[in-house]
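Notes follow the structure.
The values are calculated or read from the model by the stated rules, or taken from the named source; none is laboratory data. Just so it is clear, the model here is predicted, and its values are computed rather than measured. Neighbour counts are summed over all protein chains in view; Cβ atoms, including those assigned to glycine, are modelled from backbone coordinates with ideal geometry. Accessible surface areas use protein heavy atoms only, side chains included; no ligands, DNA or RNA. Shrake-Rupley method; radii C 1.70, N 1.55, O 1.52, S 1.80 Å.
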Amino acid sequence: MWITEHASAVELVPGWIGAIAAAVGALVAIVAIALTYRQLRLTSIQIRDSAKRESQNSEDQTRPYVGLDVVTSVGGSPAFDLVIANFGRTTARRIVLSIVEREFEAQSDQDAIGPALGRLFAVPFDLAPGARRRVFWHFPDDENSTPGGSLGAPAVGELRAAYVWEPGGNEPERHYVEHLR
């Protein structure tokens, strides 16, 4: 009898092992599916981020870059000129120059240049890649000069250049702002 009871118990052991093995196999399959899904999701996010970076890099390489610089005037010191240049690879459109928190106005009673700068920069203009504009900017008050008083733009202030890039196709235009302090 002991042999019969023992044989039944021995016959039941492979059934339990099979059930445990099936449960462990199902659990491993579920974990493998979850990890595969997670990896696919992470890969998708990385591809999307990489495409955004590539698009931004392409835009950064092709967009216009407007630079502003106040340099010694062609007429010599102590006068200054403003140089506006497009260092980018495409045309900068509708450039508008303004003085932050001020206006282009006469700096002295004899100054006709300050208001003329205001009229010049009131009209938006375009700059092709590599193009530059140079304009008289400021002549400080000099007791030996005629007319007397400062001429042109204010000696101190912040200049703002706002411009647009039209990438073409269905892409919306981009707006940029540069400052010179």
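Against the conditions (1) within 37 Å of the chain's Cα centre (by Cα); (2) assigned to a helix (DSSP H, G or I), G76 satisfies every one except (2). Before we move on, is V28 open to solvent by 70 Å² or more (accessible area, probe 1.4 Å) and among the β-branched types (V, I, T)? For V28, the condition - open to solvent by 70 Å² or more (accessible area, probe 1.4 Å) and among the β-branched types (V, I, T) - is met.
Restricted to the range 31-67, and to residues there that are open to solvent by less than 70 Å² (accessible area, probe 1.4 Å) and of a type in the set (D, E), the residue that is farthest from R174 (Cα to Cα) is D49.
Every condition in (1) open to solvent by 80 Å² or more (accessible area, probe 1.4 Å); (2) more than 15 Å from E103 (Cα to Cα); (3) under 20 Å from the mean Cα position of the chain (by Cα); (4) not acidic (D, E) is met by G168 except one, and the failing one is (1). Pairing residues of the range 57-83 that are outside the structural domain of Y163 (by the TED database) and among the acidic types (D, E) with residues that are open to solvent by 30 Å² or more (accessible area, probe 1.4 Å) and in a strand (DSSP E or B), at Cβ distances under 7 Å and at least 6 apart in sequence or on separate chains, gives no pairs at all. Do we find that L12 is modelled with pLDDT of 90 or more and surrounded by 10 or more Cβ atoms within 10 Å (Cβ to Cβ) in this structure? In short, no.
Just checking, does the range 68-85 include any residue being modelled with pLDDT of 95 or more, of a type outside the set (G, A, S), closer than 23 Å to Q56 by Cβ and open to solvent by less than 30 Å² (accessible area, probe 1.4 Å)? No, the conditions are met nowhere in the range 68-85. Restricting the first member to the range 16-32 and to residues that are touching a residue at least 12 places away in the same chain (Cβ under 8 Å), and the second to residues that are exposed (fewer than 10 other Cβ atoms within 10 Å of the Cβ) and not aliphatic (A, V, I, L, M), no beta-carbon pair is closer than 6 Å while six or more apart or on different chains. Scanning the range 86-129 for residues that are in a strand (DSSP E or B), open to solvent by 60 Å² or more (accessible area, probe 1.4 Å) and free of Cβ contacts under 8 Å to residues at least 40 places away in the same chain yields a single hit, D126. The residues of the range 86-135 that are modelled with pLDDT of 90 or more, hydroxyl-bearing (S, T, Y) and under 21 Å from G157 (Cβ atoms) amount to a single one, S98.
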